[in-house]
Amino acid sequence: MSFSLPDFRRKWSYRGNMSAGAAMVTAALGLSLVLPEPVDARNYAAPLDIFGLGTPRPHRRVHATKIPLPKPRPEEAPKGAAEVTPEPSDKASPDKPPPEKPAEAAPPPEKQLSACRLALTEEIAVAPSIPAIHGPGACGGEDLVRLEAIVLPDKRKVAVKPAAVLRCTMASAIADWVRTDMVPLATSLGSTITDLDNFDSFECRGRNRVAGAMLSEHGKANALDVRSLKLANGQSIGLTDRTLSRDVRERVLHSVCSRFTTVLGPGSDWYHEDHIHLDLAQRRNDYRICQWNVWDPLPQIAPLLPAERPEEAPPREVAAKSEGGKEGAHDQEKPAAPDDKPAADSGKSKPATKKRR
């Protein structure tokens, strides 16, 4: 039996193809086993793996080698800044100060008291501090007090009626004036001071209450108007009272003009005829104003008036006529003047009249 090559190819064509395809699959499978594969690719089958030959195989267990670890940190070793963690505890440790409160919860710092406020103690005056006043037109001020009473050296109190709102410096000057100058004056009158008549203290206004005028010292809480000082025996020292002794009023004048920079009273203007204005205004070269005329006292007894006309007197017209008649009779009763002229003068004849023709 003879075979030719064309017959062989025609007869065994599929077998050759199958053997060639099998060889190619075998070669590809061998390469897949030899070449390294990515880790992710090993978990999935190849898209052309028809026979499932490329499925991942279980890897061999890797035997972990023991690596020597460092020794544990001793307890007495200092801890680093990063390792220190705050312990959640409500109680503060004795060594550490308690944690500071947030700034919002902290109370505002107290304002320091002025030297005047420290000096104006309860032994000198009852003058509680009040908040600063910032009104319109620069009215008000700081370091203000409400002067309610002045404490005398013997612990008696002189009430300020009504209480005056003043700067601390002005209130201190008023208290010193009463304690040092007015108490001896009242003692010389045989009594003690009980009240101070406050006519006006703080008021946001212009001078003399004139619209558009310069701001008054009253608007700065730096002035006080005083009308009188009342005594325990019921007497009153009226600073502008002309029935009071002039010596007493002059003593008050000298005391206030030596203490205050402005003193206005009777004679300065008609706004201060019934009280005395006192303030501590600051001027150039420490210039002071003291305008207060201490008038003479009024007469104790009124001048004598003519006596009243008696009821039995005649009417005024009849009396005037009677007085006129008496004057005419008095003229007739006067003696005639002596005839000292010569007789020739008495014998003169009248001039003759011209006859008619």
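So here's what we get for this one:
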item: Largest-first ordering by accessible area, 1.4 Å probe, given options Lys321, Lys230, Lys66, Lys157; result: Lys66, Lys321, Lys157, Lys230
item: Local electrostatic count, Ile124, Cβ distance below 9 Å [Lys/Arg +1, Asp/Glu -1]; result: -2
item: Neighbour-limited loop hits for GluC sites (Glu not before Pro), the range 228-310 (at most 14 other Cβ within 10 Å; DSSP other than H, G, I, E, B); result: Glu273, Glu308
item: Under 17 Å from the Ser188 label point (7 Å along Cα→beta-carbon), backbone N, the range 152-178; result: 177-178
item: Selection of trypsin sites (Lys or Arg not before Pro), the range 248-303, meeting DSSP coil and at most 11 other Cβ within 10 Å; result: Arg283
item: Zone residues, the range 177-221, relative to Tyr271, backbone N less than 13 Å from point 7 Å out along Cα-to-Cβ; result: 203-220
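The values are calculated or read from the model by the stated rules, or taken from the named source; none is laboratory data. Only a predicted model underlies this, so the values are computations on that prediction, with no experimental measurement involved. Counting neighbours? That spans all protein chains shown, and the Cβs are built from the backbone with ideal geometry, glycine included. The accessibility values were calculated without ligands, DNA or RNA, using every heavy atom of the protein model including side chains. Shrake-Rupley method; radii C 1.70, N 1.55, O 1.52, S 1.80 Å.
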